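Peer 1: Pasting a structure below so you can have a look.
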Amino acid sequence: MKTVRVCEQHLPQVAREGRITPKTGPSKWERGRRIGQWQQPDPPFLFRAGGREQDSEGGPNVARKFRGTETVKVDGKGRMSIPARLRRVFDAGDPSFPTTNTGRTQLVAVYGPDWWNWIELYTLEAIEEIDEQIDALPRGSQQRRWLELLMNGQSTELEIDREGRLVLPLKLREKLGFLDGVETTFESRGDYIQVYNPDQRPKDVEALEDFASTYGPEFDPRAFLDPQTDEE
């Protein structure tokens, strides 16, 4: 049987740009990074193929929660290399990341009052959800003012650069004791990361352990997922 080879230049424009799917199955246009003359400049991007959202490497984009604990070193300029699996969650939580084509991911760091010995790194999606909850509270109420002070007044916007590095401002490094070469702990909290010096345990974790101790060592906290479980 005679084989016919079709050059890319003879394909319709929409096919060259990857906006249609060949009937034979997923094509190279749907696998993530484009090769050769189809290659778009970094950064990786999110897109949909066959009706399912994918990440920049062509895999399903399902990482919406942070999980696990990592050790990240701080250099003399305050740069920290964010582990790839955590970076993917920040990418997915930045609505502008797939379209800006800058390779930079926006996030928010909440550093809290003076007694906090940790910071919290939130995705933009998570912080916007919290902002909506705060806005739903009565304007001028003490609860709303307190939350606005914490989540807006005691926070700052940061970004992860194209090399996957986060630069922590000097005032935050000094607050947390993050000197050159210090290895910090990145501990997942679902929709945010708690960052702290492992030599100084976060004070809120100590309070949590005190609370947990009231239930006894054998209590399974997953019981709280049952709405019929009564808190003591």
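Every read-out reported here was derived from the displayed coordinates using simple, explicitly stated rules and does not represent laboratory data. This is a predicted model, so every value here is computed, not measured. Cβ atoms come from the backbone with ideal geometry, glycine included; neighbour counts cover every protein chain shown.
Peer 1: Can you order the peptides 66-73, 140-147, 218-225, 190-197 by their average number of other Cβ atoms within 10 Å per residue, highest first?
Peer 2: On the way: 66-73: 14.1, 140-147: 11.9, 218-225: 9.1, 190-197: 20.1.
Per-residue mean Cβ counts within 10 Å order the peptides as 190-197, 66-73, 140-147, 218-225.
Peer 1: While we're on this one: Binning every alpha carbon pair distance of the range 142-185 at 5 Å from zero, what are the percents per bin?
Peer 2: Using 5 Å bins, I get a P(r) of 5, 16, 19, 20, 17, 12, 7, 3, 0 for the range 142-185.
Peer 1: Rounded, prolate or oblate, given the Cα gyration tensor of the range 79-147, with a/c below 1.5 counting as rounded?
Peer 2: oblate
Peer 1: A 23 angstrom limit on the alpha carbon distance is what I want to check against. Which of 77/175; 73/175; 77/203 exceed it?
Peer 2: The answer is 77/203.
Peer 1: When you have a sec, figure out the Kirkwood radius of the range 69-216 from all distinct Cα pair distances and drop it here in Å to one decimal?
Peer 2: Values: mean 1/r = 0.0611 Å⁻¹.
It is 16.4 Å.
Peer 1: Could you tell me how far the Cα centroid of the range 107-155 sits from the Cα centroid of the range 205-230, in Å?
Peer 2: Each part's Cα centre sits 25 Å from the other's.
Peer 1: Please name which of 119, 186, 167 has its Cα lying farthest along the dipole of the range 110-232 towards the positive end, using unit charges on Cβ (Lys, Arg +1; Asp, Glu -1) and the Cα centre as origin.
Peer 2: Result: 167, furthest along the dipole toward the positive end.
Peer 1: At R0 = 22 Å, how high is the FRET efficiency between residue 159 and residue 75 if r is their beta carbon distance? Nearest 0.05 is fine.
Peer 2: Working from the Cβ atoms, E equals 0.85.
Peer 1: In addition: At what distance in nm do the modelled label points of residue 141 and residue 125 sit from each other, each positioned 7 Å from its Cα along Cα→Cβ?
Peer 2: So the label points at residue 141 and residue 125 sit 2.8 nm apart.
Peer 1: What does the extension gain come out to for residue 203 and residue 183, with contour length at 0.36 nm per residue minus their alpha carbon separation?
Peer 2: Full extension of this stretch gives 5.3 nm more.
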